[in-house]
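Below you'll find the structure, written out as structure tokens, and then a few comments.
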Amino acid sequence: MNLDNWLYLGIGLLGGWLLARLLTPTSPEAEKQDIPLLLQEQVKQSQLAYQMAQEMSQFKAGFLARITHELRSPLNGLIGLHQLILNDLCENPAEEREFVEQAYERSLKLLKMIDEILSVSRTEHGTNKLSIQPIQLTQVLHEVHQLTYMLAANRNYPFTVSLPKPEIYVLADIHWFRQVLVNLVDTTISQMEEGSICLATSVVSTNNAVHIWLDVPTHAVIFSEPVDLIASEQMTNQENTDLSPGMKLLLNQKLLAVMGGKLEILPSPTTDSTRLQISMPLVTPEAEFVQPEANPD
């Protein structure tokens, strides 16, 4: 047999082996082993991101139920105090005056909660005018760090901030944008039991946006809060005189959406942590910016 015949024989055997390989069914275990580890990790991250997106969607769907819960809890406390006074259950005038003072303080806190919700609602509707303009991101993040670092330091939580380049500007209302960032940091720290937090940014040139993210311990992420607040045991808590973390997250979402931004909960590259990511429009400070007209509706 000459060399050419050996070559033809080798090619025929190789072709037969490849054909048999294609026609022979493989087990799921074998297929799983053939998938690169990187692809498996990407699928896992996508599944987690989808789960988190569902949680955020449920937050939006239950907006009216959440408002009812937020306001009913302190209102029940007010009713209880007034019942004690009207039913002459106070031991003396001093105790009666103390109950009146407590009721007055709760009324002010309840009014503050209503004002917070109304302010965001009016902004979303267009009643409260926004001053959308180019904002230097470094300046805002520096101010946010100055306003929040002591809260983290008092609880011994490491808090690092990576400032972007000075030439990075975003389009936003500086008052609301700064308030959203401070609110996210404050709420996260109040939910934390251990760990550290990191505030950083990245520029996405493909869609002309800036990502501002907060990497926090997973146990402190707000999406773990029960969605069905009407049926939850929290309805019986009459001492709650502040907006819940979930409600604050939802209000922040609405504020960012009005400014053309977006708030997402994403998997973090770091183990045991989750990323709260804000996307804002990127802008060059030299560009001429025209304030859009408010929608009269």
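The values are calculated or read from the model by the stated rules, or taken from the named source; none is laboratory data. Since the structure is predicted, the reported quantities are computational estimates derived from the model, not experimental observations. We place every Cβ from the backbone using ideal geometry, glycine too, and count neighbours over all the protein chains shown. Ligands, DNA and RNA are stripped out before the accessible areas are found, and what is left, the full protein with its side chains, is counted by its heavy atoms. Shrake-Rupley method; radii C 1.70, N 1.55, O 1.52, S 1.80 Å.
Karplus-derived 3J(HN,Hα) values for the stretch 172-185, using 6.51 cos²θ - 1.76 cosθ + 1.60 with θ = phi - 60°, are 6, 8, 4, 5, 6, 5, 5, 5, 4, 5, 5, 4, 4, 5 Hz; glycine and proline are entered as x. Measuring between alpha carbons in the structure, the pairs from Lys112/Lys254; Lys109/Lys262; Lys109/Lys248; Lys129/Lys254 lying more than 23 angstrom apart are Lys109/Lys262. Surface composition of the stretch 88-186: carbon and sulfur make up 52 percent of the accessible area, probe 1.4 Å.
Determine, from the Cβ-Cβ distance of Lys262 and Glu105 and an R0 of 35 Å, the FRET efficiency 1/(1 + (r/R0)^6), rounded to the nearest 0.05. So, using R0 = 35 Å, E works out to roughly 0.40. Remark: spin-label model distance Asn76-His142 equals 4.8 nm, labels positioned 7 Å along the Cα→Cβ axis. With a 1.4 Å probe and every protein chain left in place, work out the accessible area per residue of the stretch 78-125 in Å², rounded to a whole number. That works out to 72 Å² per residue. Modelled spin-label separation between Ile85 and Ile114, with each label point placed 7 Å from Cα along the Cα-to-Cβ direction: 1.7 nm.
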